[in-house]
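Below: the structure, in structure tokens.
Any read-out appearing in this document is the output of simple, stated calculations on the displayed coordinates, not a laboratory observation. Everything numeric here is computed off the predicted structure, so don't read it as measured data. All Cβ positions, glycine included, derive from the backbone under ideal geometry; neighbour counts span all protein chains shown.
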Amino acid sequence: MVGSVGITPQLIIEVLLYKTGMLSETNASNAQQVIIWEIRVPRVLLALLVGASLAISGAAIQALVKNSIADPYILGVSSGASVGATSVILFGAFSFFGIFALSFAAFLGAIFAVMIVFLLARVSGKTSMIRLLLSGIAVSMVLGAMTNFMLMISKEQGGVQAVMFWMLGSLGGAKWSNIGIPFITFCIVFPLLLLSYRQLNALLLGEETASTLGINIERFRLFIIIIVSLLTGVVVAVSGSIGFVGLIVPHIVRMIVGSNYKVVLPLSALLGAIIIIWADMGARIAIAPEEMPIGIITALCGSPFFIWMLRRQRYAFGEGE
Amino acid sequence: MIQLHEVQYSVDEKDILKSISLEIIEGKFIGIIGPNGSGKSTMLKILYRHLKQSSGKVTLHEQEVWDISPKKLARQMAVVSQESTVLFDFTVRDLVMMGRTPYKGWLSADNSEDVLIADRSMELANVAHLANRTLNNLSGGEKKRVMLARALAQQASILVLDEPTNHLDIEHQLHLMDLVKDLPITIIAALHDLNLAAAYCDELIVMNDGTLHIHGTPENVLTTTMLKEVFKIDAGISKNPFTEKMHLFFYTNTKIDTKGETQ
């Protein structure tokens, strides 16, 4: 809970205990209480939720498309959300939703994009995974072009910067009022994924083998696509598209514990949460009192570490013989 | 009992299988042989429901396979397909335990019975000593046996094998066939090696150009005329002095001249 205003750890613990009713009085000033309880606590909780959500979504998507370069955004979530967010920031769309306009538009854009990608990948009742990947890329390109077009015609310099900041991801918007929906969604999706570990494992053996193990492939894929895009959509709507975590964390976890999703999912959630909490701290202090977009931190610090692990060779990244 | 009734399968108006009818009695080791592209794999894929026939019917105990739930079918039929084995890192034990998937609901955990069945399957497939190794560190033969152990853990009464001896050296080929032959269940295997098929199978089904050419015991099926007609080779038939099983010798009459062109 570090930030641009210096507050000692004792004070933080004191305020936390006071606010949760375990302490009857506190030495902290009102301003300090507000900073800790209204700004920093929700922010850390949001970081935890975002990190865990992106990591488990990435793990699930990688099993689904059986492709190790897939991340939760491969279905068009982030590019769809960007279009929504940009139209709100630059043109004030959805203003009747007040302060929730940005999140709402981003979520709407994300779900809309996933639906298009999914429909494009369906041919005569079957969803081809390679088509899903490629239509994800194609749809992301079109939506990216739309975002860029809006940026280009906008005269507002401040707005353009706000969009940039949003696209690189930030947890700055964390409030008690907007962590509720990500929390509930995570609490539903995480157990559902965990209960599907056998099916996810089986999918890693290939579609054919999975179906001979008694899995209804089409139905299971649809189920995973729905719950994962819901979770990523909700998360992206509040935090912008934070890259890296959804792609890399599942790989790091698999390097350490192997591919069994019974273990991969909870550990991905844990590692994702830890990484985002620390990255967000970095984002707040790196150029304090300014804030750095968190996406820059995750990519800058995470990638070298990942490259180092990559060079250690023992892990096959889902590559066959 | 498995029955195929006038099963036909076509892709883009091209017939891959042309009206196949056949009956497979339980407990036998059935070999499916035929040249490349004759429809062996396609027929198996239709049998284990990876592909849906364009017309005709496939029944298992008189029930259309497409009417059986995926789970229920997986309890009756286990498959080792040709799909490139494994991509991510699983331990052998984890992978064999996956054979228990069709017996598991959403909330059921692995119990001691599952562990016991997995252990027994690993012993049967001779991979028990590899239980804690990860799959990526195993040889091709070991991997095949692990996939077999996984299929055995399904405790199905029918085992379908698509070219199980592919990429295996001769020792492991024989070993795998010995192992499979002793199983008290119905085995349906597509095989490339005619001598293996002759030595191990109770019945052979010969596929040729999408049709069922002949179905019978190896002695009745493997004749020089059939080999000439279907496999386009000349062959001599003899007996393996050690196993007393039939043994085929092959030769072609086309000679290769010094320029490497066939005449």
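Computed quantities for the displayed model
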item: For peptides B:135-145, A:237-247, sequence by mean Cβ density within 10 Å, most packed first; result: A:237-247, B:135-145
item: Beta bridges per DSSP with both ends in the protein assembly as shown, % antiparallel, nearest 5; result: 65
item: Centre separation in Å (Cα based) which lies between segment B:1-36 and segment A:7-38; result: 75
item: Residue exposure sequence - B:Tyr9, A:Tyr73, A:Tyr197 - by fewest surrounding Cβ within 10 Å; result: A:Tyr197, B:Tyr9, A:Tyr73
item: Using alpha-carbon coordinates, inclination of helix B:140-152 to the longest axis of chain B, degrees; result: 60
item: Signed unit charges on C-beta, dipole axis of segment A:9-310, positive-most listed residue A:Asn201, A:Gly136, A:Ile13; result: A:Asn201
item: Mean separation of Cα contacts under 8 Å, 6 or more apart, over the residue count of chain B: relative contact order %; result: 23
item: Options B:Thr165, B:Met207, B:Thr223, ranked by Cα towards positive dipole end of chain B, top entry (Cβ charges); result: B:Thr165
item: Calculated FRET efficiency for the pair B:Ile185/A:Leu270, C-beta based, R₀ 41 Å, to 0.05; result: 0.40
item: Per principal axis, descending, Cα span of chain B in whole Å; result: 65, 41, 37
item: Principal semi-axes in Å for chain A [√(5λ), Cα gyration tensor, largest first]; result: 34, 25, 18
item: Under 5 Å, built H, 5+ apart or other chain: amide partners of B:His247; result: B:Ser238, B:Lys239, B:Asn240
item: Share, in percent, of DSSP beta bridges within chain B that are antiparallel, nearest 5; result: 60
item: Label zone at A:Ile256, where the point sits 7 Å out along the Cα-to-Cβ direction: segment A:153-190 residues whose backbone N lies under 15 Å; result: none
item: Residue of A:Val123, A:Val264, A:Val15 that the Gaussian network model of chain A assigns the largest fluctuation, springs spanning Cα pairs under 10 Å; result: A:Val123
item: Relative contact order of segment A:1-143, pairs being alpha-carbon contacts under 8 Å that are 6 or more residues apart, as %; result: 18
item: DSSP-assigned coil residues among GluC sites (Glu not before Pro) in segment B:154-259, each with at most 16 further Cβ atoms within 10 Å; result: B:Glu244
item: Candidates B:Ile16, B:Ile158, B:Ile237: whichever shows maximal mean-square fluctuation once chain B is modelled as a Gaussian network with Cα springs under 10 Å; result: B:Ile237
item: Mean separation of Cα contacts under 8 Å, 6 or more apart, over the residue count of segment A:9-310: relative contact order %; result: 28
item: Hz values of 3J(HN,Hα) by residue in segment A:213-218 - Karplus curve (6.51, -1.76, 1.60), Gly and Pro given as x; result: 8, x, 9, 7, 4, 4
item: Those aspartates and glutamates that a straight Cα-Cα span of less than 13 Å connects to B:Lys245, excepting residues fewer than 8 apart in one chain; result: B:Asp202, B:Glu219
item: Proximal lysines to B:Lys18, defined as alpha-carbon separation beneath 19 angstrom and excluding residues fewer than eight positions away on the same chain; result: B:Lys40, B:Lys45, B:Lys52, B:Lys57
item: Whole-Hz ³J(HN,Hα) from phi, Karplus 6.51 cos²θ - 1.76 cosθ + 1.60, for segment B:33-49, glycine and proline x; result: 10, x, x, 4, x, 7, x, 4, 4, 4, 4, 5, 4, 5, 4, 8, 6
item: Nearest-ten-degree value, helix A:9-19 long axis tilted from longest Cα axis of chain A; result: 80
item: Sequence of B:Lys245, B:Lys232 once ranked by neighbouring C-beta atoms within 10 Å, starting from the fewest; result: B:Lys232, B:Lys245
item: Set of lysines near A:Lys175 by C-alpha distance (under 27 Å), chain-local residues within fewer than 8 positions excluded; result: A:Lys19
item: Acute angle (nearest 10 degrees) that the helix A:157-168 long axis makes with the longest principal axis of chain A, alpha-carbon atoms; result: 60
item: Ranked packing of A:64-70, A:277-283, most packed first, by mean Cβ within 10 Å; result: A:277-283, A:64-70
item: Number of partner chain Cβ atoms within 10 Å, mean per residue of B:93-102; result: 4
item: Dipole magnitude (debye, nearest 20) for segment B:1-156, charges at Cβ of Lys, Arg, Asp, Glu; result: 200
item: Amide proton proximity set for B:Ser19, modelled H, under 5 Å, gap of 5+; result: B:Gln8, B:Tyr9
item: For segment A:248-254, 3J(HN,Hα) per residue [Karplus equation, 6.51 cos²θ - 1.76 cosθ + 1.60, θ = phi - 60°, Hz, x = Gly/Pro]; result: 7, 4, x, 5, 4, 5, 5
item: Loop-resident sites, segment A:14-76, for GluC sites (Glu not before Pro), counting at most 12 other Cβ within 10 Å (DSSP); result: A:Glu25
item: Highest-fluctuation residue, A:Ile294, A:Ile274, A:Ile256 considered, GNM on chain A with Cα pairs under 10 Å; result: A:Ile256
item: Lysine pairs within segment B:66-198, Cα separation less than 20 Å, 8 or more sequence positions apart or different chains; result: 4
item: For B:Asp89, residues with placed amide H under 5 Å, excluding near neighbours; result: A:Ser259
